[in-house]
Amino acid sequence: MNLSYAWLRSLVPTLSESPAVLADRLAMYGAPVDELVDLGGPLSDIVIARVLEVRQHPNADRLKLCRVDAGMGEPLAVVCGANNVRADAWYPFIAAGGTLPDGMKIRRTKIRGEESNGMLCSARELGLGRDHDGILELHGEFETGQSFIRQVGLDDTRIVIDVTPNRGDLLSHYGVARELSPGGESSIVLPAFPGGDALAGMPFETGGVSTQAGGVRITLEDAAGCPRYTAAIIRGVRVGPSPDWLSSRLRAVGVRPINNVVDATNWVLMELGQPLHAFDLDKLGTSVVVRRAKAGESLVTLDGATRKLTGDVLVIADAEKPVALAGLMGGQETEVTEATKDVLLECAHFDPKTVRAGRRLLSMNTDAAYRFERGVDPDGMERATRRAAALIVATAGGTAERAVTADAGLADIEPLIVRPSRVEQVLGVALDSSAIASLIEPIGFATEPAGGGELRVRVPGHRRYDVSREVDLIEEIARRQGYDWFPDDVRAFRASTVPDDPFADLEDRLRDRLVGLGFLESRGMPLVGAEHGDVPLLLPLASTESHLRRALLPGLTKRLESNFSRGARDVRLFEIGTAFAEASDGGVPVETTRLAVLFTGARDPHHWAGESSPCDIWDLRGLLEELAAVLGGHVEPGEAPDAAGLVGMEPGTILRVRPGDARTAGAGGRISERAIDAPAWAAPVWAAEVTLTAEMVGPRQIRARPLPAHPAVERDIALLVPASVTAGDIDATIRAAAGDLLESLAPFDVYEGPGLAQGQRSVAFRLRFRASDRTLTMEEVDARMTRILERLGSEHDVQQRA
């Protein structure tokens with residue numbers, strides 16, 4: 001939102017702070033200032049000049065020779081290329097030696113053989129607009145050689161504030177003045193226009209959903225989209241350029257002047273925040289209908305674009321067709337031009353949601369829509385209509401007839417109760433009812449005692465869209481008091497008794513474990529092509545995003561291939577996300593939360609002492625054991641379950657994850673070289689995907705046990721194992737035979753080669769025995785070792801190696 005410092009000062013004469021100080025105050029009130037722009041500084045070399053004579057350049061068809069009085073004594077010869085330059089008119093002028101706002105230095109030069117001692121300037125060259133077709137003609141009485149910025153009122157500062165979506169009341173000078181005024185809203189004064197405010201007593205009449213103004217019937221067919229519509233008839237206007245005091249004020253806030261009627265509506269838009277629109281009454285006819293567009297209707301808007309309309313768009317129509325888009329933009333057919341004599345001035349209250357829907361559908365962005373979407377004060381419509389009508393009469397002449405309002409009834413705002421005890425509870429400081437009233441009454445809230453020290457607060461129209469609860473009022477109290485007023489020490493507080501979601505806690509624990517192992521988290525899109533999904537979308541945006549994914553690993557594989565293409569060899573990725581499957585009954589798709597991991601490359605970071613070996617199946621086993629510890633399960637060899645998403649896995653490398661005694665929750669293995677686009681130097685790729693279920697969610701139990709008080713006994717045993725027997729089978733048999741005295745068991749050597757029979761290998765295990773209540777004897781340990789060897793021989797034909 002662009003504000004003029006001079007405009008604010010005209011509304012609040014007692015406002016004495018500098019723009020920088022006001023910027024700090026606005027920031028404390030929740031509207032930070034993005035920029036302060038000195039409008040006059042870059043224009044210090046520009047003066048007011050009068051063109052005395054214009055004649056054709058003898059050597060160029062498109063150039064003119066001008067004699068210019070710039071207050072320097074003798075008239076200056078100036079070459080000008082604008083078609084609109086004329087004698088006895090006033091223009092901004094920069095003499096040779098001066099500098100334009102864009103930094104261009106003006107020099108005395110010869111153009112096609114004729115001397116030029118300066119330049120007559122356009123609005124674009126001065127940074128005051130986009131009009132570059134002609135030089136900027138000034139209207140009024142001036143003195144030659146006087147400062148341009150002082151003569152046209154540009155000795156001003158533009159304040160650019162950042163307005164949040166809930167504060168539509170700050171999208172006007174009046175709204176910001178309400179925040180900054182030392183005496184609040186009651187001390188704001190709307191200055192009278194030159195010639196006086198002759199329409200202060202203009203009669204206003206209110207009717208139902210259908211009423212009449214000056215022979216024009218106003219009808220509200222869509223009362224939800226437009227509950228209130230005011231029309232004022234002004235006859236006998238003379239449309240032309242606006243006076244410079246009006247044009248310069250609009251330019252100061254970045255609005256391009258058009259003509260005195262349209263500029264009057266833009267003035268009120270920027271001053272009061274109320275969008276208005278002026279129709280050419282003769283082109284409009286005798287009927288104004290606010291309704292939804294009909295199928296097949298279209299409208300050529302003021303920007304020259306043809307808009308195809310649907311029933312989602314609210315329009316202003318005459319007896320037959322749309323003439324404007326409600327809250328967005330007027331139509332070309334009823335545009336105010338220099339031939340306009342009679343004007344219908346529209347001031348309406350449009351529903352924010354309706355305007356937003358129409359704007360999105362038509363891909364339009366206008367100043368009016370920006371305000372209507374955030375909520376415009378319905379109680380300010382009469383003031384805005386009077387203000388705009390008075391400005392039109394002051395600058396364009398004419399006679400204003402009565403104004404009428406078609407009103408379908410707007411819901412009243414229920415009063416709110418604010419409790420000082422609740423204010424203290426939320427803000428941490430005590431404020432009584434009188435202090436609360438003194439803070440919020442200046443910005444428009446009306447208060448009255450409600451008993452027990454409480455206050456009944458009536459919300460003003462300009463805050464009806466963002467203040468609806470007691471806590472909203474408490475926010476206003478804190479904002480107006482000033483956040484820096486509150487103490488910065490830590491006060492007593494009550495910790496929350498609401499526990500974290502157990503499933504989210506499980507996900508966080510998995511993330512912590514994987515990040516600790518060097519993995520990076522990936523966030524993939526759930527939209528995939530048909531080859532990776534079973535649930536089709538009803539309205540897909542692209543063929544590559546036509547389905548919901550059935551698994552996470554295909555997406556991680558794509559990320560890996562992207563890393564490969566950039567030369568990355570060591571990659572560790574994981575993702576926690578949602579996969580989808582079709583419901584058996586054809587209903588809503590079944591969603592499951594999955595964890596997918598993928599890694600490849602070196603086992604350890606690169607080091608000068610030597611190269612690290614690539615990751616293998618034991619790294620996958622170790623990773624799955626880590627995850628199973630979090631999920632409360634175990635890992636075992638086997639085949640991948642159908643729901644694991646492990647497409648293209650090498651047979652014989654599959655490891656299953658089973659939480660407790662439940663069915664397999666997921667699996668991992670080596671991705672086949674045929675299933676991934678990997679370069680020749682790539683190491684094997686290992687991956688796993690696990691479904692996270694409710695059974696895995698439980699309280700985090702930390703189990704502690706005392707350190708052993710008695711010594712352990714260790715025994716090493718080398719076994720001759722047939723090739724058909726796995727180390728896992730040996731491990732299980734030893735544990736069963738050893739009983740509860742076995743504390744730990746681990747293999748530490750494998751040998752195959754000379755000295756062993758064909759089909760045999762030697763596997764060495766280290767066993768540790770310990771009792772918690774005594775020191776073991778050699779006889780006890782020998783008995784357990786004898787039992788172990790007997791069980792191994794009888795069950796697996798395994799013998800002790802000599």
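Quick notes
- Sequence of Glu639, Glu185 from largest to smallest accessible area, 1.4 Å probe: Glu639, Glu185
- Rounded to the nearest 0.05, the FRET efficiency derived from the C-beta distance between Lys294 and Ser546 at R0 = 41 Å is 0.75.
- Distance between the pseudo-spin-label points of Ala568 and Glu114 (7 Å out from Cα toward the beta carbon): 6.7 nm.
- Couplings 3J(HN,Hα) of segment 590-598, computed from phi: 7, 9, 10, 8, 10, 10, 10, 10, 8 Hz, in residue order, whole Hz [Karplus 6.51 cos²θ - 1.76 cosθ + 1.60, θ = phi - 60°; x for Gly and Pro].
- Charge context of Gly461, other residues only, Cβ under 13 angstrom, K/R +1, D/E -1: -1
- Here the Karplus relation 6.51 cos²θ - 1.76 cosθ + 1.60, evaluated at θ = phi - 60°, turns the backbone of segment 751-760 into coupling constants of 9, 9, x, x, x, 10, 5, 4, x, 10 Hz, with x for every Gly and Pro.
- Gap separating the Cα centres of segment 295-362 and segment 440-510, nearest whole Å: 40
- Counted over segment 702-751 with a bin width of 5 Å, the fraction of Cα pairs per bin, in whole percents, is 4, 12, 24, 22, 15, 11, 6, 4, 1.
- Kirkwood radius, segment 147-196, all distinct C-alpha pairs, inverse of mean reciprocal distance: 13.4 Å.
- Lys pairs, segment 277-403 - Cα-Cα below 23 angstrom, 8 or more residues apart or on other chains: 10
- For segment 266-376, average projected area of the Cα convex hull in nm²: 6.6
- Backbone amide hydrogens, once placed in the peptide plane, bring Ser122 within less than 5 Å of Leu136, excluding anything fewer than 5 places away on its chain.
- Note that segment 150-278 shows a convex hull volume over its alpha carbon atoms of 168 Å³ per residue.
- Remark on segment 658-745: ratio of C-alpha radius of gyration to 2.2 N^0.38 Å is 1.70.
- For segment 444-571, alpha-carbon Rg relative to the globular expectation (2.2 N^0.38 Å, N residues): 1.92
- When only the Cβ of Lys, Arg, Asp and Glu is charged (+1, +1, -1, -1), the dipole of the chain relative to its Cα centre reaches about 1020 debye.
- Neighbourhood net charge (12 Å Cβ-Cβ; Lys/Arg +1, Asp/Glu -1) for Gly41: -3
- Over 19 Å [Cα-Cα, segment 694-802], rounded percent: 52
- Percent of C-alpha pairs per 5 Å bin in segment 326-393, short distances first: 3, 15, 21, 21, 20, 13, 6, 0.
- Normalised by the number of residues in the chain, the average gap of Cα pairs under 8 Å and 6 or more apart makes the relative contact order 8 percent.
- For segment 784-790, Karplus couplings with θ = phi - 60° (6.51, -1.76, 1.60), whole Hz, Gly/Pro x: 5, 5, 4, 5, 4, 5, 5
- Thr592-Val189 pseudo-label distance in nm [points 7 Å out on the Cα-to-Cβ vector]: 7.6
- Straight-distance candidates among the lysines for linking to Lys105, with alpha-carbon spacing under 24 Å and chain neighbours fewer than 8 residues away dropped: Lys64.
- Translational diffusion of segment 436-493, µm² s⁻¹ [Kirkwood Rh, Cα pairs; Stokes-Einstein; 4 °C; 1.567 mPa s]: 102
- Translational diffusion of segment 546-658, estimated by Stokes-Einstein from the Kirkwood radius over alpha carbon pairs at 37 °C in a medium of 0.692 mPa s, is 203 µm² per second.
- Placing unit charges on the Cβ atoms of the charged side chains and taking the dipole of the chain about its Cα centre, the candidate lying farthest along the positive direction among Leu520, Met72, Ile417 is Met72.
- Fraction of the pair-distance distribution of segment 498-594 above 16 Å, Cα-Cα pairs, percent: 64
- Relative frequency of Cα-Cα separations exceeding 15 Å in segment 257-312, percent: 67
- A simple spin-label model places the labels of Gln800 and Ser612 4.1 nm from each other, with each point 7 Å out along Cα-to-Cβ.
- Dipole axis of the chain (+1 Lys, Arg; -1 Asp, Glu on Cβ), positive-most option in Ala665, Ala530, Pro637: Ala530
- Contour minus Cα-Cα distance for Tyr483 and Asp508 (0.36 nm per residue): 5.5 nm
- Inter-centroid distance (Cα atoms) of segment 57-110 relative to segment 756-798, Å: 109
- For Asp303, the solvent-accessible surface computed with a 1.4 Å probe is close to 80 Å², ligands and nucleic acids excluded.
- Full-extension gain in nm, Val490 to Leu52, via 0.36 nm per residue minus C-alpha separation: 150.3 nm
- When only alpha carbons are used to place a centre, segment 543-589 and segment 380-420 end up 57 Å from one another.
- Full-extension gain in nm, Glu414 to Glu521, via 0.36 nm per residue minus C-alpha separation: 33.6 nm
- Secondary-structure-derived ellipticity at 222 nm for the chain, considering helices only, amounts to -7000 deg cm²/dmol, per-run term -39500 (n - 2.57) for DSSP H runs with n ≥ 4.
- Charge dipole (Cα centre; +1 on Lys/Arg Cβ, -1 on Asp/Glu Cβ; no other charges) of segment 471-598 amounts to roughly 580 debye.
- Evaluated over the Cα positions of segment 61-145, the convex hull gives a direction-averaged projected area, one quarter of its surface, of 5.8 nm².
- Shown is the FRET efficiency for Glu17 and Glu790, computed with R0 = 60 Å from the Cβ-Cβ distance and rounded to the nearest 0.05: 0.05.
- For the pair Arg674 and Ala712, a Förster radius of 51 Å applied to the C-beta separation gives a FRET efficiency near 0.55, rounded to the nearest 0.05.
- Quotient of Cα Rg and 2.2 N^0.38 Å for the chain, N being how many residues it contains: 1.47
- Reported value for segment 358-464: 197 Å³ per residue, from the convex hull of its C-alpha atoms.
- In segment 530-585, the alpha-carbon atoms span a convex hull of 95 Å³ per residue.
- Within segment 43-198, the ratio Rg/Rh, alpha carbon atoms throughout and Rh by Kirkwood, equals 1.12.
- The shape of segment 566-611 can be summarised by an equivalent ellipsoid whose semi-axes, obtained from the alpha carbon gyration tensor, come to 40, 9, 7 Å from longest to shortest.
The values are calculated or read from the model by the stated rules, or taken from the named source; none is laboratory data. All values derive from a computational prediction rather than experimental measurement. Reconstructed Cβ throughout: ideal geometry from the backbone, glycine too, with neighbour counts over all protein chains shown. Quick note on the areas: whole protein, heavy atoms, side chains included, nothing else; ligands and nucleic acids left out. Shrake-Rupley method; radii C 1.70, N 1.55, O 1.52, S 1.80 Å.
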